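The numbers here are math on the coordinates, done by the rules we state, and not lab data. What you see is a predicted model; the values in this text were computed from it and never measured. Counting neighbours? That spans all protein chains shown, and the Cβs are built from the backbone with ideal geometry, glycine included.
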Amino acid sequence: MNREDVKDILTRYRTDTCTEAERQLVERWIVHGSADPLDLSDDQLLEDLLAIRLRLERDFRAEKATMTYRFRRWLPYVAAIVFLLSAGLWLFRDQWTGSKQPSTESQLVDIAPGGNRATLTLADGRTVNLSVAQKGIVVGDGVTYLDGSKLVENGNMKTASTFNSITTPKGGTYQIKLADGTTVWLNSASTLKYPSHFDKKERVVELQGEAYFDVRSIHSTPTPFRVITPGHAVEVLGTQFNISAYAEDVETKTTLVAGRVRVQTVGRTTNHTAVLQPGQQSTVSESGVAVNDVDVSPFIGWKDGFFIFKGTELREAMKQIGRWYNVEVIYEGFISPTPFYGKISREDTLAEVLAILKEGNINFRIEQQATSNRLVVMP
């Protein structure tokens with residue numbers, strides 16, 4: 001990064017056109033009054049971001065302030081930006097100019113949250129990268145976005161025997177409204193296979209990963225709705241539920257929000273079945289099906305844009321965070337099974353999330369690899 005790059009970043013910050021990473025970079029400079037952001041350690045960065053966050057939250061909860069007060073409160077920041085621009089400071093070291101090879105430890109200020117990202121694969125082999133500006137698609141005679149704009153015509157793929165699929169990467173989520181009116185929210189690193197049209201006897205979809213289903217009940221001709229995952233199936237008539245069936249997890253969990261579902265194992269010598277009531281969760285493992293009463297909010301919070309932790313073990317929390325921010329999570333040393341409690345927006349950056357989790361006396365380090373990022377968890 002050279003002098004012009006720095007000036008461009010500051011200009012974008014001033015005009016509110018900078019990226020989230022650039023915004024945090026500039027505010028880091030301002031808070032410390034430092035011309036060299038590399039003087040700061042990662043721990044200092046996280047503490048500063050947390051301090052800014054807490055201060056803004058206190059301001060938000062306080063009595064409504066006048067516009068004059070708000071403007072006055074930001075004057076020091078505006079003055080600092082003007083000073084940096086007019087001084088034309090060179091905010092870089094040898095690492096910025098490329099005279100040294102970058103180390104494996106990340107020099108990134110932060111990692112942005114995930115968003116609306118998915119790929120649609122049609123039965124004839126065509127693939128479409130879905131728009132990040134849209135939240136979901138509607139399946140019917142063709143495929144449209146939720147706002148009605150046309151995406152693709154299915155042509156002759158209008159039978160229940162032709163399956164399409166939608167896949168989200170790590171850091172991606174997307175919504176699908178199926179031909180029967182059922183709505184599916186697909187979480188990160190997940191795939192849903194579905195027909196363009198359901199047949200009259202049953203409605204069947206296949207899931208790998210995690211999804212929330214709001215199944216439309218067809219009262220005139222009750223048609224079972226079945227979700228098939230590796231090793232288990234869920235059958236309903238009309239209900240709302242969440243399924244987590246990631247390939248790397250040893251258990252598959254179905255959490256019922258409303259209605260009634262039947263969960264059963266498949267492909268075993270002896271299959272097991274359980275019927276869930278609202279507020280219950282089934283866990284399918286090698287030993288069979290277990291049913292427990294649960295608070296459903298931690299298991300469905302992702303659909304509404306939140307991480308919700310209520311006694312959630314550290315490794316489970318890190319698994320969710322790793323998928324959403326597309327980072328590989330590794331552990332250094334002995335990490336106690338710390339339970340976490342709280343509600344965190346999935347729109348927060350990774351550093352903001354980690355700053356909150358640090359209150360549990362767990363330390364983190366972000367490392368940049370050639371093709372990916374790593375989140376190192378330390379005692």
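List of remarks:
- Gyration tensor verdict on the range 305-378 (Cα atoms; rounded if a/c is under 1.5, prolate if a/b is larger than b/c, oblate otherwise): oblate
- 19 Å Cα-Cα threshold exceeded, pairs from Lys135/Lys303; Lys200/Lys303; Lys193/Lys319; Lys253/Lys303; Lys150/Lys170; Lys177/Lys310: Lys200/Lys303; Lys193/Lys319; Lys150/Lys170; Lys177/Lys310
- Once the chain from Ser297 to Asn271 is taken as fully extended at 0.36 nm per residue, the excess over their C-alpha distance is 6.4 nm.
- Dipole-positive endmost among Ala233, Val132, Phe163 within the range 115-298 (Cβ charges, Cα centre): Phe163
- Projected area, mean over directions - the range 151-308, Cα convex hull, nm²: 9.9
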